[in-house]
1. Lys and Arg at +1, Asp and Glu at -1: add these up for the other residues within a Cβ distance under 13 Å of Asn31 and post the number.
2. Pull up all non-local amide H partners of Val27: gap of 5 or more, or a different chain, and H-to-H distance under 5 Å with H placed in the peptide plane.
3. For region 194-207, just list the computed ³J(HN,Hα) in residue order, Karplus coefficients 6.51, -1.76 and 1.60, θ = phi - 60°, integers in Hz, with x standing in for Gly and Pro.
4. For a label point 7 Å from the Cα of Asp185 along Cα→C-beta, name the residues of region 247-262 whose backbone N is under 16 Å from it.
5. What is the set of long-range amide H partners of Val245 at a cut-off below 5 Å, with H atoms built 1.01 Å from backbone N?
6. Just add up the charged neighbours of Arg288: K/R +1, D/E -1, any other residue whose Cβ is under 13 Å from the Cβ of Arg288.
7. Ignoring everything except DSSP H segments at least 4 long, calculate the 222 nm mean residue ellipticity for the chain; use -39,500 (n - 2.57) per segment, divide by total residues, nearest 500.
8. Over region 96-195, what is the relative contact order in percent, taking alpha-carbon pairs closer than 8 angstrom and at least six residues apart?
Amino acid sequence: MRLLVIGGSVFLGHAFVTRALRRGDRVTTFNRGRSGTDVPGAEVVRGDRENDDDLRRLVEGRRWDAVIDTCGYVPRVAGRSARALSGHADAYLFVSSVHAYADWPERRVDESSALHPCPPDAGPDDDVPYNTLKAGCERAVETGFDGRVLILNPGLITGPREQVPRLTWWLNRIASGGPVLAPGDPGRAMQLVDARDIAEFGLARLAAGATGRFLVSGVPGNTTFGALLDDCVRVTGSAAVPTWVDDAFLLERGVAEWTELPMWAPGGPTMAGVWLPSSDQALRAGLRCRPVADTVQDTWAWIRDENVAAGRAAEGGQGIDPEKERRILAAWTEGGSHGAR
């Protein structure tokens, strides 16, 4: 296929470009050259998707079998790209998010679940949260592009080149050793998906001429929090000991869910469906998900190869302050009858 990837230099976009080139596809990337490293073998066009002149220069004399858009966050901007590329590509794959579904994370969602209400022309100055904007971006592409539209709604994406450093934070934290504050129930089931598996699935669906949408959140229960941290201990060779602390204890001490201890979703009605999105339709259509242990191993190899520092997680708003972690661990163990489990 002849493919245009908007972005293509970081995480999921990089995975799409890499795998497309391995398949023998011809790939053009369109980005500003600020966020990551271009993949060797792809034609690189520098430009800003918010600039109409750059978009006109991009499409002049060119046509692709499909566009892959992994970095649309504002409906007005996504719609501009979709309209500019109409007539220059047969299909448009837009990577959205499970965040676009109005009932998530409170309840289980699938492709038939309602999206957040958001107009396709919502702009960056409108008072609209990220989750709602993603739904608006989907509508902007569907209404703005004259051709086949395919939408992917990933859940929590992990793997090498992780953009929001969640797994990266846990690997670096565990590699540093010592007692590690581990949140809640080690048996809590999760559902993670590797960026490389999303890319393989999306490319295969494009080649098959698919349209519509697929929720690509991985295999339900493909790991637990305990198994995930055990994998981190194993691949790092660390002597770290996870100390599992009850949800209520952590909440009482002001630990922010999801971010201070990345991926921690305490039990309760507001997060009851966080690990339950249905990937059944995608799995039937050929989504293949590698074991989470392999993703952990490959992510640690990337951290070592690229010297990805622990401080990068703090820059991404992830991770607990070390002193706060020590205070909570001390309070937990001093309470008696707790300890590591």
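Values in this text are rule-based calculations from the coordinates and carry no lab data. Bear in mind that the values here come from a model prediction, so they are computed numbers and not experimental data. All Cβ positions, glycine included, derive from the backbone under ideal geometry; neighbour counts span all protein chains shown.
1. Net of charged neighbours comes to -2.
2. So Val27 has HN proximity to Leu3, Glu43.
3. Running phi through 6.51 cos²θ - 1.76 cosθ + 1.60 with θ = phi - 60° gives 7, 4, 5, 6, 4, 4, 4, 5, x, 5, 5, 5, 4, 4 Hz.
4. 247-250
5. Excluding prolines and chain starts, which carry no amide H, the hits are Ala182, Gly184.
6. It works out to a net charge of +1.
7. Roughly -11000 deg cm²/dmol at 222 nm, from the helical runs in the chain.
8. Values: 95 pairs, mean separation 26.4, N = 100.
The normalised contact order for region 96-195 reaches 26 percent.
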